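For reference, the structure is listed below as structure tokens.
No lab work stands behind these numbers, since they all come straight from the coordinates. Since we're looking at a predicted model, the values are computed, not measured. Quick reminder, even Gly has a Cβ in these numbers, built from the backbone with ideal geometry, and neighbours come from all protein chains shown.
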Amino acid sequence: MRFYRPLLILATLLAFGVVSLGAYVRLSDAGLGCPDWPGCYGHLLGVPEQAHEQSAALQAFPGKPVEPHKAWKEMLHRYLAGTLGLLILGIAGLAWRHRRELRQSPLLPTVLVAVVGFQAMLGMWTVTLLLKPVIVSAHLLGGMSTLALLLWLVLRQTLGNQIPAGSGLRTLGTLALVVVIGQIALGGWVSSNYAALACADFPTCQGVWLPEMDFQHAFQLRRDLGQTADGALLSNAALTAIHWTHRIGALLVLLIAGTLTRTLWQHPGWRGWGLLLAGALCTQLSLGIANVLLSLPLPLAVAHNTGAALLLAIMLALNFRLWTAPR
């Protein structure tokens, strides 16, 4: 089974790229660059660029002017995601065929195939339901879940950690992983509702510590983009509530993951992990603050999303090591 592990590593790296590219597509306002799915204005390969192609596209999709630069971003993301799906299907096939050699259950690769299938449906609904926030957020979480499951499969192919870890360290590691996942979900909700600039200052929000906020409408799941559930315009107070909650989540991550970092540093065999986690935390917090103060420049916004994926990967790998280490 010499191909199994390399395929897993390749798929994991590709999943990381797909997550980052998906953030770029969303943040560059190209999520509706193609009004249909899985093709683009009816083209499965390429996008309408010639005059006659664009004329035909406008007839087929009235009111949807062709913007090739946005359409290409969206289609590149779809092509890479489709390639990743084929790789994962191949990995699942190998896991079933060589399950005795691998001495591992093929259940997780099978679950991964189901996750990718549902992720494809979310990608379609993102377009057909016109960027409905709950669908866009679920699509982001689906991408992160795909990355996490692939990374876990890679880690299962590596040797276990021989450095002892106490139950307290394991519990703290699990708690830190949970709050990081929760913060990623909050970040997805901020992004899908375009609430990143609801507070343009830091550490205060709109010049005060506790601005006017509308939590009732902020976290309603069944609503369209920019609207409340009853169709009214979503207020700035609701956007502020979304942004402010994400900041509180960042503080919680800093406290719990920071405590984990300090605890890891106190155990000589785990200091490298502590430094790695500290670096990822500091980088991600710095990117978040810079995005606010610099009014969300595209490179920094994409880097912040990529940093979230990297922090999740580090936390997942750390927890794998902690739970496979001897007591």
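The region of the chain that goes longest without hitting one of the chymotrypsin sites (Phe, Trp or Tyr not before Pro) in a DSSP loop, each with at most 16 other Cβ atoms within 10 Å, is 4-208. In this simple spin-label approximation, residue 219 and residue 178 carry label points 7 Å from Cα along the Cα→Cβ vector, and these lie 1.6 nm apart.
Rounded to whole Å, the principal axis extents of the Cα atoms in segment 227-327 read 57, 29, 19, largest first.
With distances taken between every two different alpha-carbon atoms, segment 279-327 has a Kirkwood hydrodynamic radius of 11.9 Å. Taking θ as phi - 60° and the Karplus parameters 6.51, -1.76 and 1.60, the scalar couplings of segment 67-83 work out to 10, x, 5, 6, 4, 5, 4, 5, 6, 4, 4, 5, 4, 5, 5, x, 4 Hz in sequence order, x denoting glycine and proline.
Taking other residues whose beta carbon is less than 12 angstrom from the beta carbon of residue 74, and scoring Lys, Arg as +1 and Asp, Glu as -1, yields +1. Annotation: amide H of residue 205 has no partner in the under-5 Å range at sequence separation 5 or more or interchain, hydrogens built in the peptide plane. Sites listed here are trypsin sites (Lys or Arg not before Pro) in segment 4-109 whose DSSP assignment is loop and whose Cβ has at most 12 other Cβ atoms within 10 Å: 103. State whether segment 96-248 is rounded, prolate or oblate according to the following rule on the C-alpha gyration tensor (a ≥ b ≥ c being the square roots of its eigenvalues): a/c under 1.5 gives rounded; otherwise a/b larger than b/c gives prolate, and the remaining case gives oblate. Here segment 96-248 falls in the oblate category.
Each of 181, 91, 248, 242 was scored by other Cβ atoms within 10 Å of its Cβ. Arranged with the fewest first, they read 248, 181, 91, 242. Summary of packing: across the peptides 126-138, 227-239, the per-residue average of other C-beta atoms within 10 Å ranks them, highest first, as 126-138, 227-239.
Annotation: average projected area of segment 1-158 is 9.5 square nanometres, based on the convex hull of Cα atoms across all directions. Once Rg and the Kirkwood radius are both taken over the C-alpha atoms of the chain, their ratio Rg/Rh works out to 1.00.
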